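Let me begin by presenting the structure, written as structure tokens, before commenting on it.
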Amino acid sequence: MEKLVYLDNGAMDQFFRNYGVNPGRSGYDLCMVAGSLLEETRKLLTELFNGTDPNRLIFASNASDALNLAIFGLLKEGDHAVTSNLEHNSVLRPLFHLSRYNGVEVDYVAFDSQGFVDPKEFAQRFKKNTRLAVINHGSNVIGTVQPVREIGELCREHGVTLVVDAAQSAGRIPIDMAKMNIDVVAFTGHKSLMGPMGIGGLYVGDGVKIRHTRAGGTGVRSAVRTHLDEYPYRLEYGTPNLPGIAGLNAGVKWLQKEGMSKVHQREIKLLRVLRNGLGKIGGVSLYCQDDLVNHVGILAFNVDGLEAQDTGTMLDVDYNIASRTGLHCAPRLHEQLGTDKIHGTVRLGLGPFNTVGDVESVICAVEDIACVRKKKKKC
Ligand SMILES: Cc1ncc(COP(=O)(O)O)c(C=O)c1O
């Protein structure tokens, strides 16, 4: 069950009352304070990813926007890219557009029965013109966390740039750009970073040059006719979403206070209860949940004989349980699992404020649904 948790309300209210102005556009006091908030948040996130330079932390509208900046800005005609079947459409669609309209070739690596890709399979697809590898860190459907460090090592050996989609993992799983050999990481505010919607971004590693694919206002060096080359302006355009940044700032500070690992462990403990409970119900299929090591708190299931959407509607209408159903913007993952034919899965996403009680009520509800389904089948 996914609850939208607005622990940033206070931060955003404070922002609007105290310094709700456009940062970096003038020198009056409020503008300077707004600028400091922006810079402090760049620093917080740079530290989170163990980056070296807060100016290489770019704010964008969300992870999709950030991934578009990275993918379109790193590939050109004649290039080859490797990605996986786990990816979200925010990776698949930019790559597909480039392959259809811009002469870029793309290869896809399958995941194994437990939902993990084999790094060697990435390397096996590398060719002379391979410029980019893009990998999902934490799956938004089956929750598996990919061996990014090993994929990164192989990318380094072959001179391939590695972009990591950390939309689900940033804020739960440690991400160390240096140790994990990551060139670019993309994040979003409204998931594990506990921020609001409409804010996301990239951290761009040293030496990585992403071409501008847009141009516009930066608030500095306005006489220059072209878009600025230096980071962060290189990839930022127009007024930033400062209310979103204020919320994200509060979210990251909350995580620091609670301890990211503690929050993650709590979710995995609940995931285990959920997995064990659902796993015991006859007529319920779980996907890639045998071992919960290297997972985020996400689980996908179906009740045999029911389409995911029907189960989701019953959970909502009869039990007041909010889940997500369908393909979850990850069509290749469902094609590989075969769940595309039944219109996807039901996905349960655990958050830090879920309780054992929440998990027990989902298990009871699914038990009821599966039982009714079985009785109907007998008739
Ligand atoms: C793995 C993954 N990547 C990318 C995205 C896109 O994030 P956003 O909605 O911030 O663009 C999501 C969102 O669900 C996701 O789960």
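Computed values, structure above
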item	result
Among the candidates THR226, THR188, residue that is within 20 Å of the chain's Cα centre (by Cα) and either among the β-branched types (Val, Ile, Thr) or more than 16 Å from the ligand (Cβ to nearest atom) (or both)	THR188
Within region 91-130, considering residues that are open to solvent by less than 10 Å² (accessible area, probe 1.4 Å) and under 12 Å from ALA330 (Cβ atoms), the one farthest from the chain's Cα centre (by Cα)	GLY115
Where LEU248 falls short, out of the listed (1) surrounded by 15 or more Cβ atoms within 10 Å (Cβ to Cβ); (2) more than 16 Å from the ligand (Cβ to nearest atom); (3) of a type in the set (A, V, I, L, M)	(2)
Members of region 300-329 that are aromatic (Phe, Trp, Tyr) and either within 16 Å of the ligand (Cβ to nearest atom) or out of contact with any Phe, Trp or Tyr (no Cβ under 8 Å at 6 or more places or on another chain) (or both)	TYR319
Failed item in (1) within 16 Å of the ligand (Cβ to nearest atom); (2) open to solvent by less than 50 Å² (accessible area, probe 1.4 Å), with ASP79 passing the rest	(1)
Test: residue in region 322-329 that is touching a strand residue (DSSP E or B) at 6+ places or on another chain (Cβ under 8 Å) and over 26 Å from LYS269 (Cα atoms)	no
Among the residues listed as SER169, SER99, the single one being closer than 19 Å to GLY297 by Cα and outside any strand (DSSP E or B)	SER169
Residue ID - most open to solvent (accessible area, probe 1.4 Å), chosen from residues in region 193-220 that are assigned to a loop (DSSP other than H, G, I, E, B) and among the hydroxyl-bearing types (Ser, Thr, Tyr)	THR213
Positions within region 133-171 being more than 12 Å from the ligand (Cβ to nearest atom) and either open to solvent by 20 Å² or more (accessible area, probe 1.4 Å) or among the basic types (Lys, Arg) (or both), in sequence order	PRO147, ARG149, GLU150, GLU153, LEU154, ARG156, GLU157, HIS158, GLY159, THR161
Selection count, region 199-236, where residues are of a type in the set (Gly, Ala, Ser) and more than 28 Å from GLY247 (Cα to Cα)	3
Matching residues, region 82-108, being farther than 23 Å from ASP118 by Cβ and within 12 Å of the ligand (Cβ to nearest atom)	ASN89, SER90, ARG93, PRO94
Where ASN62 falls short, out of the listed (1) open to solvent by 50 Å² or more (accessible area, probe 1.4 Å); (2) more than 18 Å from the chain's Cα centre (by Cα)	(2)
Conditions (1) modelled with pLDDT of 95 or more; (2) not in a helix (DSSP H, G or I): number failed by ALA223	(1)
Tabulated pairs, region 145-163, first within 17 Å of PHE111 (Cα to Cα), second in a helix (DSSP H, G or I), C-beta under 7 angstrom, 6+ apart or interchain	PRO147/PRO119; GLU150/PRO119; ILE151/PRO119; ILE151/PHE122
In region 284-308, the residues that are more than 17 Å from GLY338 (Cβ to Cβ) and surrounded by fewer than 23 Cβ atoms within 10 Å (Cβ to Cβ)	ASP290, ASP291, LEU292, VAL293, ASN294
Criterion: over 23 Å from ILE298 (Cα atoms) and within 17 Å of the chain's Cα centre (by Cα) - qualifying residue of ILE210, ILE182	ILE182
Selected residue (criterion: farthest from the chain's Cα centre (by Cα)) from residues of region 262-296 that are over 14 Å from THR144 (Cα atoms) and in a strand (DSSP E or B)	VAL284
Output for region 109-131, where each listed residue is touching a residue at least 60 places away in the same chain (Cβ under 8 Å) and away from the ligand (no atom under 16 Å from the Cβ)	ALA110, SER113, GLN114
Hey, ALA66 within 13 Å of the ligand (Cβ to nearest atom), within 17 Å of VAL184 (Cα to Cα) and out of contact with any Phe, Trp or Tyr (no Cβ under 6 Å at 6 or more places or on another chain) or not	yes
Residue list for region 229-242, restricted to those being within 16 Å of the ligand (Cβ to nearest atom) and outside any loop (DSSP other than H, G, I, E, B)	LEU235
Selection count where residues are out of contact with any helix residue (DSSP H, G or I) (no Cβ under 6 Å at 6 or more places or on another chain) and either more than 27 Å from LEU95 (Cα to Cα) or open to solvent by 60 Å² or more (accessible area, probe 1.4 Å) (or both), scope region 316-336	9
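The values are calculated or read from the model by the stated rules, or taken from the named source; none is laboratory data. Here the structure is a predicted model, which is why all the values come from computation and not from measurement. Please note: Cβ atoms are built from the backbone with ideal geometry, for glycine as well, and neighbour counts cover all protein chains shown. Surface areas here come from the heavy atoms of the whole protein model, side chains and all, with no ligands, DNA or RNA. Shrake-Rupley method; radii C 1.70, N 1.55, O 1.52, S 1.80 Å.
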